[in-house]
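Below is one structure, written out as C-alpha cells; the observations come after it.
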Amino acid sequence: MSEDLETIVARTLGIDRAAVDDRLAREREPAWDSFNHLLLIAEVERAYGIRFAVDQPAAIHDLPGLRAAVAALTGRP
Amino acid sequence: MSPTPTHPPDPVALPDGPAAGFLAYRAADARRPAGTADLTVELAGAGTLRGLDACLRVACARAGLAVAVDNAPYGQLDQTVLGRGARPGPRALLLVWDAEWLLGDALLDPYAAGPAGLAELLAGREAHLHRLLDAALADPALTVLACSFVPPAGTALGILEWRRADGLLAGLAAINRRLAERCAADPRCWLVPAESVAARFGLDRWSDAALRLHGDIRIRPDALPWLAEAAAGILAARAGRVRKCLVLDADGILWGGVLGEDGPDGVQLGPDGAGRAFQEFQRAVLALHRRGVILAICSRNDPADIERMLADHPGMILRPDHISARRIGWGGKAEGVRGIAAELNLGSDALVFIDDDPANRLAVRGALPGVLVPEPPAHPAEYAAFVRDAGWFPSLQLTAEDLAKGAQYAAQAERERYRAESGDLGAFLAGLATVVAIAPLSPATRARAAQLCVKTNQFNTTLERLDEAALETAAAAGAVIRTVQVSDRFGDHGLTGLVVAEPGPGTWRIRLLLLSCRVLGRMVEHAVLHALAAEAGRAGATALAIPCVAGPRNQPAREFLAGLGLEPLDGGPGVHGPLSGLPGCPSHLRLELT
C-alpha cells in the first residue's frame, strides 16, 4: 500500500492533506458528504484489500472511527 | 501518468478500483481553467449520476470542447425531460437511463407475469421512453444523446434465456436496436452506446453492488469517464471539434525493435509471433485511413530506411501512398509534429500523436497542447484494439469524400512534387488546370455539405455548424445554397466548398462561405465569390453583405474578406459592398456552373 489513510482521505474528499487530522468528522467537513463517503469506503477497501460489513460504513463518522474500522479488519493498529 | 489540465487522464491508463479512476478525472476537473462554455449539457438519468458532470467536462475538454453541465435532480428523469420546455441553445440533453429504470423489479424476476406479461411491460416502457424522446426533441435547439440499455449478464432462466425470442434479453436487444434506428434517422438524436462502453469497461464491473445498495449509484464511478468519453465524442463532432490526422512514431509502434540497429530483417513485423501485434495494429490504422483519417509518420530514423520499410518490407500493411506527411530525421518530436500540422494545413488540435516513448509524449503535450497524446497500452498485443476502440476520430457521417480521401492525399503528394518542379507559383497554378464546379445543393450532396459545416474551421466565415436539417430549412426559406467541387490534372478533390446566401432586395447576404483547407492557396474562393456575385446580379441584386465571426482559427477567411477592398460590416470582420467592386475569376481557374 503506497498511501497512508490520511492521504487517501484527502484525495478522495478533495481536501488538503494538512486538513486531515483526528478532528476530521463528517458533520464538520462539507466535502465528506454521503457520495464522497461511499467513494472513501471504496478507496479504503481497495487500498487495504479489505471489505467492510454491509452496515459498517454508515457507522463511520470521523477519521478515528475509520482508522479503528480499518485496524479491526487488517489486524494492524 | 501525471495529469495536467490540458491533458487529463486517459481512461485506459486509469488505476483500477470502484472510485480510483473517477477521482483522477474529478481532480483534473478541479484543475481545469475556467472559461466560457461552448455548449451546455443537461443530464437526466436514473439513480445517482453525481460525478458524471466532472467526467463530462474533462472528456469534452480532451476533445477540444468546453461544456457547462446542468446536473440531474436525483430520480427525476421523467420530470426533468417533460418539464424542461424550450431553452436557448446551444444545448444538449444526455439521457442516462438504464435497464433498472426501464423494468424495475422485473429485471430480477422477469417472468413473474408470464411471457405475455413481460412483453406487455417491455412494450409499454419502450413506448414511454420514445415519448420522452419526443418531448425532448420538441425543443428545436436541443441535441439529444440517449444511452442504450446495458443488459444484465443473465436471468433466472440460465441458458434457456438465449433460446427465447420473447425473453428479457431478446426484448432489451430489440429496444436497443429500435432506439439506434430512431437515432440514425434523426440528425439531432444520437445513441450513446452504453452497452458497448460497458462491454469494453467490463460488464461485471459496470455496477458496484455496495455503491448501488448504499447510494443508488448504478454506474460504478470508475465507469463514468468511459461513458463521458463516448458522449463527448458525439458532442465534439457535432460542434466541429474533429480530429483528422493520426501521427505515428515508427520504432515500437509500427514495428517492434529499433530499425536503425536491428535492420529491416531484425524488426518484429509479420504474421507470426510478436510481429503479428504490430501487423494487426497497422491493419487497424489502415481501417481508419480507409474511412478518411489522414496518416503521418514522425520518427527519429534515417528517412531512407523508413521509405524502404514502407515500400519493400513484406510485413508492412501501411504503404507509401497511405502516408500523407513525414517528419523523419533526428530533430525533436514536437518540432516534427508541428511540421506535419503545417504541411497538411491543419491545426494542432486536429492531430492525434502515438509514441511509445513517455519523454516524446511529454514533449509534444508540452509544446502543442492541442494535440491529443493518448497513453498507449503497455503491451503491443493491445495496440490494435487500442486504436480501433479509442474513438479519437468521431464523424457524424461517412461520405464519398471520406472514402476517397486516401487517393486524394496520394494525388496531393503528386501535386507537391509538381509544385517543386514548377519553380514559381504562377506556373504551378496555371499548370494545375484547376476546375471549380459550382452546383445547387442536392439530396445527394447534402450529407457532405453538412459534414463540411462541421469539419471546416480555417476558411469558414461564420462557423455556423449547419446540419442536414438546417440546410433543408434554409433552402426551404429561400436561401441560395451552392456546393463547390474542385478538380485538377492530378485528380478530384471532391466536394470541398459551400456557400449559403440569403437573397434580399438589392443585397444578398452570405450567411456562410466555407472551403476545405485542401483547396486553399489557389484562389478558389475568388472564383466562388465571383460566381455567386454574378448569380446575385442576374437576380437583380447590386450588393453583397458577407458577415464574419472571428473564431480561433478562421484567420484565412478573415484575411480573404479584408483583402476584397469592401467596407467593414457592423464593425466586425465581415464586409459589404457593391457587386461591381468584387474581383473577377482568376485566369488560372475554369468555372463550371450547373
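Read the figures in this text as sums done on the coordinates, not as results from a lab. This one's a predicted model, so the numbers in the text were calculated from it and none came from an experiment. So basically every Cβ, Gly included, is an ideal-geometry build from the backbone, and we count neighbours across all protein chains shown.
Take every Cα pair under 8 Å whose residues are at least 6 apart in sequence, average their separation, divide by the length of chain B, and the relative contact order is 10 percent. Residues B:S299, B:S587, arranged from fewest to most other Cβ atoms within 10 angstrom of their Cβ, appear as B:S587, B:S299. The relative contact order of the range B:412-472, computed from alpha carbon pairs under 8 Å that lie at least 6 residues apart in sequence, is 23 percent. Where both bridge residues fall in the range B:245-389, DSSP classifies roughly 5% of the beta bridges as antiparallel. The translational diffusion coefficient of chain B, from Stokes-Einstein at 37 °C and 0.692 mPa s with a Kirkwood hydrodynamic radius over alpha carbon pairs, comes to 125 µm²/s. The coefficient of translational diffusion for the protein assembly as shown, derived via Stokes-Einstein from the alpha carbon Kirkwood radius under 25 °C and 0.890 mPa s, stands at 88 µm²/s. Any chance you could give the angle, 0 to 90 degrees and rounded to 10, that helix B:114-137 forms with the longest Cα principal axis of chain B? That helix lies at roughly 40 degrees to the long axis.
Size descriptor for the range B:245-389, Kirkwood hydrodynamic radius: 15.0 Å (Cα pairs only, one decimal).
Value of Rg to Rh for the range B:408-511, rounded to two decimals, is 1.06; Kirkwood radius and Rg both from alpha-carbon coordinates.
Put simply, the amide H of B:W190, placed in the peptide plane, has neighbours under 5 Å in B:V144, B:L145, B:A146, leaving out anything fewer than 5 places away on its chain. The residues neighbouring B:G171, those whose beta-carbon lies less than 10 Å from its own, together hold a net charge of 0 under the Lys/Arg +1, Asp/Glu -1 convention. Net charge dipole, the range B:400-593: roughly 120 debye, given to the nearest 20, about the Cα centre with Cβ charges of +1 for Lys and Arg and -1 for Asp and Glu.
Taking Cα centre as origin and charging only the Cβ of basic (Lys, Arg, +1) and acidic (Asp, Glu, -1) residues, the dipole magnitude of chain A rounds to 180 debye. Counted over the protein assembly as shown, the DSSP beta bridges are approximately 45% antiparallel. Please grab the % of Cα pairs in the range B:11-238 that end up more than 21 Å from each other. Here the tail beyond 21 Å accounts for 55 percent of pairs. For chain B, the longest principal axis of the Cα atoms and the long axis of helix B:303-312 meet at an angle of about 70 degrees. For the range B:307-352 versus the range B:444-497, the inter-centroid distance based on Cα atoms is 29 Å.
Given their separation in residues at 0.36 nm each and the Cα-Cα distance between them, B:D262 and B:R31 gain 78.8 nm when the chain is fully extended. Which longest run of chain B has no exposed loop site in it, a site being chymotrypsin sites (Phe, Trp or Tyr not before Pro) in a DSSP loop with at most 14 other beta carbons within 10 Å, and the site itself not part of the run? Result for the longest clean stretch: B:331-594. Straightening the chain between B:A274 and B:L203 buys 22.6 nm, computed as 0.36 nm per residue apart minus the Cα-Cα spacing. Going from the fewest other Cβ atoms within 10 Å to the most, the residues B:C585, B:C453 appear in the order B:C585, B:C453.
A helix-only calculation puts chain B at -12000 deg cm²/dmol for mean residue ellipticity at 222 nm, using -39500 (n - 2.57) for each DSSP H run of at least four residues, averaged over all residues. Near B:L43, once Lys and Arg are set to +1 and Asp and Glu to -1 for all other residues with Cβ below 9 Å from its Cβ, the sum equals -3.
Farthest toward the positive end of the dipole of the protein assembly as shown, out of A:H61, B:P358, B:L295, is the Cα of B:L295, where the dipole comes from beta carbon charges about the Cα centre. Debye-formula intensities of the range B:524-594, expressed as log10 I(q)/I(0) at q = 0.14, 0.16, 0.23, 0.27 Å⁻¹, are -0.45, -0.58, -1.07, -1.27 (one equal scatterer per alpha-carbon, no solvent).
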